[in-house]
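To start, the structure under review is shown below, and the notes come after it.
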Amino acid sequence: MKEWETLTERIGFWIDLSKAYVTYHQSFVESVWWALAELFNRGLLYQGHKIVWWWPQGGTALSSGEVGQGYRQVADPSVYVAFPLLDAAGQPTRRSLIAWTTTPWTLPSNQFAAVKADLTYVAVRFGDDPDREYVLAEPLAAGLAEKKKTDLTVLESFPGTALIGRCYLPPFDCFRPDGPVETSATTSGDSEPVAWRVV
């Protein structure tokens, strides 16, 4: 406490140290508990979720002040992943779902691809890859063509409901079909990769 007061005076911080806001004082701690009890008694306390800055090495959340001390703009890697769709016989087709992720390390555990039922999706062909077809949300098609710096041909459009229940090959063959058929497609042999469903 003495060191903090000395530094405060040295840097010329204009504050009344005799009435400082010190969080370890008993009066402060008891006032926090009192305020929490009042909120609870009035039915204003609830449990929820909040997105916070995270310090992975320390395993704790960071305050906005802590983030502000060392905040800098960085370019995080992201990837587009193609999930080949399967036909009714469980064989890969020329058409693949396209997914974008900023967390590629989660792909080995991928089990489902989610679509929005009432959104329009398109099957497209890119000029630099004429033998493959890709399925993605219609509003994102032009932007992806721009990133790839290539022409885009829209082959057909359909609602997201048309994709629900379709099976696709996951990017990594990490799992075997041990569960019910409703959650994974049946494969013809142990050497075959597991197929996951679109939900």
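The values are calculated or read from the model by the stated rules, or taken from the named source; none is laboratory data. On a predicted model such as this, the values are computed, not experimentally measured, just so you know. Backbone-built Cβ (ideal geometry, glycine too); neighbour counts: all protein chains shown. Just the protein is used for accessible areas: all its heavy atoms, side chains included, with ligands, DNA and RNA removed. Shrake-Rupley method; radii C 1.70, N 1.55, O 1.52, S 1.80 Å.
Step by step: first the residues of region 126-162, then only those that are outside any helix (DSSP H, G or I) and within 21 Å of the chain's Cα centre (by Cα), then the one that is surrounded by the fewest Cβ atoms within 10 Å (Cβ to Cβ). Which residue is that? Break it down stepwise before answering.
Here is the first cut: in region 126-162, the residues outside any helix (DSSP H, G or I) are 126-137, 149-159.
Those left that are additionally within 21 Å of the chain's Cα centre (by Cα): 135-137.
Working: V135: 27, L136: 19, A137: 16.
Among them, the one singled out is A137.
Restricting the first residue to region 112-128 and requiring it to be of a type in the set (D, E, K, R), which pairs with a second residue that is part of a loop (DSSP other than H, G, I, E, B) and open to solvent by less than 50 Å² (accessible area, probe 1.4 Å) meet a Cβ separation below 8 Å and a spacing of at least six or different chains?
D128/T150
Of everything in region 95-117 that's among the hydrophobic types (A, V, I, L, M, F, W, C) and outside any loop (DSSP other than H, G, I, E, B), which residue is most open to solvent (accessible area, probe 1.4 Å)? Can you show your working first?
Of all residues in region 95-117, those among the hydrophobic types (A, V, I, L, M, F, W, C) come to 97-100, 105, 107, 112-115, 117.
Narrowing the set further to residues that are outside any loop (DSSP other than H, G, I, E, B) leaves 97-100, 105, 107, 112-113.
Details: L97: 13, I98: 42, A99: 32, W100: 147, W105: 180, L107: 25, F112: 98, A113: 12 Å².
My answer is W105.
Might you check whether a residue that is of a type outside the set (A, V, I, L, M), open to solvent by less than 50 Å² (accessible area, probe 1.4 Å), touching a residue at least 40 places away in the same chain (Cβ under 8 Å) and not in a loop (DSSP other than H, G, I, E, B) occurs anywhere in region 71-89? Steps first, answer last, please.
Kept after step one, since they are of a type outside the set (A, V, I, L, M), are these residues of region 71-89: 71-73, 76-78, 80, 83-84, 87.
Remaining after also requiring open to solvent by less than 50 Å² (accessible area, probe 1.4 Å): 83-84.
Among the residues that remain, those that are also touching a residue at least 40 places away in the same chain (Cβ under 8 Å) are: 83-84.
If we keep only those that are not in a loop (DSSP other than H, G, I, E, B) too, we end up with 83-84.
Yes.
Out of the residues in region 40-70 meeting the condition of being over 30 Å from P104 (Cβ atoms) and under 33 Å from the mean Cα position of the chain (by Cα), tell me which one is least open to solvent (accessible area, probe 1.4 Å). First the steps, then the outcome.
Step one: list which residues in region 40-70 are over 30 Å from P104 (Cβ atoms), which gives 40-47, 65.
Restricting the remaining residues to those that are under 33 Å from the mean Cα position of the chain (by Cα) gives 40, 43-47, 65.
Values: F40: 140, G43: 64, L44: 107, L45: 84, Y46: 190, Q47: 183, G65: 44 Å².
Among those that are over 30 Å from P104 (Cβ atoms) and under 33 Å from the mean Cα position of the chain (by Cα), it is G65.
Could you list, in sequence order, all residues of region 1-21 that are open to solvent by less than 100 Å² (accessible area, probe 1.4 Å) and part of a loop (DSSP other than H, G, I, E, B)?
Of everything in region 1-21, those that are open to solvent by less than 100 Å² (accessible area, probe 1.4 Å) and part of a loop (DSSP other than H, G, I, E, B) turn out to be M1, G12, I15, D16, A20.
State yes or no: is T120 open to solvent by 60 Å² or more (accessible area, probe 1.4 Å), over 15 Å from P171 (Cα atoms) and touching a Ser or Thr at 6+ places or on another chain (Cβ under 7 Å)?
Details: open to solvent by 60 Å² or more (accessible area, probe 1.4 Å): no; over 15 Å from P171 (Cα atoms): yes; touching a Ser or Thr at 6+ places or on another chain (Cβ under 7 Å): yes.
No.
When the residues of region 50-97 are filtered to those that are touching a helix residue (DSSP H, G or I) at 6+ places or on another chain (Cβ under 9 Å) and of a type in the set (V, I, T), which remaining residue is farthest from C167 (Cα to Cα)?
V79
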